[in-house]
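The values are calculated or read from the model by the stated rules, or taken from the named source; none is laboratory data. None of the values given here were measured: they were computed from a predicted structure. All Cβ positions, even for glycine, are placed from backbone atoms using ideal geometry, and neighbour counts span all protein chains on display.
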């Protein structure tokens with residue numbers, strides 16, 4: 001729940017920034033001076049890029065959660081009970097120990113989004129967020145292709 005609140009706050013702050021930047025952009029565009037017009041265009045373009053980027057990340061989060069919920073409903077989430085740190089994160093050594101099992105599952109079933117999602121959880125448990133995100137992205141692509149084919 002904390003993550004959702006943080007995302008909502010960040011999104012509202014970004015929208016406020018876009019509105020304020022847009023107002024400044026209009027003023028600068030109306031100045032008629034070359035540098036003012038260039039800065040006005042930049043103030044319009046950069047917030048739009050930021051809006052696109054945050055929209056993309058929000059959609060990634062929604063899709064990742066949907067896949068996790070679907071896998072949970074199917075009973076396909078890993079059920080290992082691993083010790084955790086006081087922060088709630090899994091002990092890294094225990095996460096590393098899980099990794100070979102889920103990697104072998106992906107190698108055996110390269111087109112299975114479920115195996116890819118479980119691999120993402122193993123990457124995350126091992127502390128490799130970059131690879132975890134990439135594995136979830138691949139799982140989303142595979143699940144979308146599977147759904148469209150059905």
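With respect to (1) within 18 Å of residue 132 (Cα to Cα); (2) assigned to a helix (DSSP H, G or I); (3) in contact with a helix residue (DSSP H, G or I) (Cβ under 7 Å, 6 or more places away or on another chain), the lone exception for residue 28 is condition (1). Would you check if there is a residue in region 51-59 being part of a helix (DSSP H, G or I), under 25 Å from residue 4 (Cα atoms), modelled with pLDDT of 90 or more and not assigned by TED's automatic domain parsing to the domain that holds residue 12? Checking region 51-59: not a single residue is part of a helix (DSSP H, G or I), under 25 Å from residue 4 (Cα atoms), modelled with pLDDT of 90 or more and not assigned by TED's automatic domain parsing to the domain that holds residue 12.
Residues in region 101-128 that are assigned to a loop (DSSP other than H, G, I, E, B) and without any contact (Cβ under 8 Å) to a residue 24 or more places away in the chain: 3 in all. Note on region 10-56: residues that are surrounded by fewer than 13 Cβ atoms within 10 Å (Cβ to Cβ) and within 30 Å of residue 146 (Cβ to Cβ) amount to 4.
Can we say residue 123 is surrounded by 15 or more Cβ atoms within 10 Å (Cβ to Cβ), modelled with pLDDT of 90 or more and either under 25 Å from residue 2 (Cβ atoms) or over 21 Å from the mean Cα position of the chain (by Cα) (or both)? Criteria not met by residue 123. Among the residues of region 68-83, those identified as closer than 26 Å to residue 96 by Cβ and either assigned by TED's automatic domain parsing to the domain that holds residue 99 or not in a helix (DSSP H, G or I) (or both) are 75, 76, 77, 78, 79, 80, 81, 82, 83. Of all residues in region 31-50, exactly one satisfies the criterion of being assigned to a loop (DSSP other than H, G, I, E, B) and touching a helix residue (DSSP H, G or I) at 6+ places or on another chain (Cβ under 8 Å), namely 31.
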